[in-house]
Structure formats: structure tokens, C-alpha cells
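Report on the structure given below.
Where a number appears in this text, it was derived from the coordinates with a stated rule and is not lab data. None of the values given here were measured: they were computed from a predicted structure. Here the Cβ positions follow ideal geometry from the backbone for every residue, glycine too, while neighbour counts run over all protein chains shown.
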Amino acid sequence: MLENYLPILVFVVLGILFGVGPIVVGYLLGPQKPDDEKLSPYECGFEAFEDARMKFDVRFYLVAILFIIFDLEIAFLFPWAVVLDEIGTFGLVSMAVFLALLVVGFIYEWRKGALEWE
Amino acid sequence: MSFEQLVFYAFAGISSLAALMMITVRNPVKAALWLVLTFISAAGVWLLAESEFLGLVLILVYVGAVMVLFLFVVMMLDINLAEMKEGFAQYAPVGALVALVVFGLIYLVVGPEHFGLDKTGLPVTHGPDYSNTKEIAVPLYTQHAYAFVLAAVLLLVGIVAAIALTLRRRGPRDALYQDIDAQVRVRAEDRLTMVKMAPEVEPDVSSKNEEEEGAK
């Protein structure tokens, strides 16, 4: 089975080389004149007044967690589709129950207005 | 050392290193990114163990979705690093004790006496036609259908809990925006009312004053 994944391993290694290589080459070949001013944040001549991190609306979090839940639902659908002809009616019904429960959740979030952004 | 062993040690080494960096690095956002690297290399190890579906789902779900959530939470917490460093020495002994107890428990359950070739035997390698996804899927949807449906219930609880915790109705004053439809449909008589008033004549004060001054 693993021989099927050899091309992916080659891609992974090439990807690492493409990502890390230029940084290493730049570090080795480029001139290095470190200066404090080069690291200082530039904000129209002033030092930064406050932290860049700030509180933001919790609705972004809600969208992310709803995405994860339906992402997991999709993850369950893939192997089911692969073996659909082997598991028969029972497998079909078990997936129907699974999806019905999640559709209840989907209707709930729709009716609650969790999908609205206004 | 075979090629597979080489790949395994590469992934396992990156995984351990990234995990170590994740718990030692100060910046929580960077810690989350190191955790991403840990997940990806752990997925590589799982692929080597011929559990391809789990490895790919690890990347899809954990790297793709859960880490986004982690970053959101880390950003939303608005952490002050100086405050976090306070009291480290005070809590370090308790933390070390808890870590030791947890390590002891894990050692008891999955210690080295449960592993080794004499206990588990050599892992069976499969041909190129072998599909781990099928091996997982067939028992999942038939034999373990009850647990599978329970997973749906857990996801449902997750949906309801997330909405109950974070969704709040906002009033019309929270966001101001134009209703162009209403603006176009409006007519002059909705906005402007002509009021008929009886004319009021004010007594002429200035002319009186002039008369008084003239008398003087």
C-alpha cells in the first residue's frame, strides 16, 4: 500500500525544499548587517501605540465551530461512499439516521439565525 | 535501515521536535503553528502505519478546522504575556506533580511491557490494492452503527451548545445601515407636514421704547 504514497512523499520533500531552501540560501548568501531599527515596527514614524491583538466579535468563532461540525459530517460521508455497495440497506439506514440528526441541528441553526450575518 | 524506517524516523523526529517547540514557545499563535506541524508529521506516521484514511482526516479536520478554531480562541483571549509569566515558580511544583502522576498512569497502561515484536508481531504489509478506508468503513456503518449514530448526537449537541453560548440577538441600534428600498419609496407627505397656524402678532416693543425716549 505504501508504494502508492511514494509520489506524495516526493511532493512533500520537494515542498519542504522549495520552502526552506530559499530562506537558507538567502541567509547564507545575503549580507547581514543587523540593526535595531530594521526590527522596529514602522507606523508613520511613531512607535506602535498599542498591541496589534484586539478582541473581535465572537460570531467568527461561531462560524468556525459550525464549519468544523459539518466538516466532520463530510469526513464520515467519504468512507461510507466507498463501501456503499458492501454494507447494504443497513449501512444506508444508519447513514440516514446520522444525517437526519445533523439536519435537525442544521434546521435549528438556520431558524435561530446563526447563519445570518445581517 | 530500510527506506520506510528512514521516513518513519524523519516524521517521528519532526513530530517530537514540533511538539517540544509547541509547549516551550512563548507566543501562543506560534505555538498553534508548531502544533500544526506536529499534526502533519503525525499524519505522516499514521500513513506509514497503513491507516491512510485516519492520516488524511487528521490533516483535513485537525489542521484544516480545529487549528483555525484554536487560532480564533488564542486571538480572542487577548492574552497579556507578562501576566501569564507571573506566578510560574509558584505553580511549577504542582504542575510537575500533576505531570508526573499523568505520566505514571500512562506508563502503567501503555508501558513498554505491552509493546515489542514478541507481543504484537510484525505488522502485516499489504499490497497496492489494499484500502484501509474500506477496512474502517465496513465495521463502522454496520457493526458499530450505534456508536456512529451517537457521534451524530454529539455533533448535534455541539451545534446547539455553540449557538446557545455565542449567538446573541443584536438590536437595530448595533449596526446602522441604509434601507435603500424604504428611501426610494418614501413620499414627501411622509416626511413633511404643513401645519396651519393662526398668525400671532407680537406687541411692538421697539416703537414703544422710542416713544418713551422721545417723551423724555
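Across peptide B:143-153, the mean count of Cβ atoms from other chains lying within 10 Å of each residue's own Cβ comes to 5. Percent of Cα-Cα pairs more than 27 Å apart in the protein assembly as shown, please. Of the Cα pairs, 70 percent sit more than 27 Å apart.
Mean projected area of the Cα convex hull of chain B, taken over all directions, amounts to 33.1 nm². Compute the distribution of all C-alpha to C-alpha distances in the stretch A:65-118, in bins of 10 Å from 0, and list the percent of pairs in each, rounded to whole numbers. Result returned by the calculation: 21, 44, 24, 9, 1.
Helix by helix, which DSSP H runs in chain B go 18 Å or more along their axis at the Cα atoms and have an average Kyte-Doolittle hydropathy of -0.5 or more? The answer, listed by residue number, is B:3-24, B:28-48, B:88-110, B:145-166.
Principal-axis analysis of the Cα atoms of chain A puts helix A:84-112 at an angle of about 60° to the longest axis. An oblate overall shape is assigned to chain A, the ratio a/c of its alpha-carbon gyration tensor axes (a ≥ b ≥ c) being 1.5 or greater and a/b not exceeding b/c.
Overall, the anisotropy analysis places the stretch B:1-81 in the oblate class: the square-rooted eigenvalues a ≥ b ≥ c of its C-alpha gyration tensor yield a/c not less than 1.5, with a/b not exceeding b/c. Compute the Cα gyration tensor for the stretch B:48-154, then decide on rounded, prolate or oblate, letting a ≥ b ≥ c be the square roots of its eigenvalues: rounded whenever a/c is under 1.5, prolate when a/b is larger than b/c in the other cases, and oblate in all that remain. Oblate, since a/c reaches 1.5 and b/c is not below a/b.
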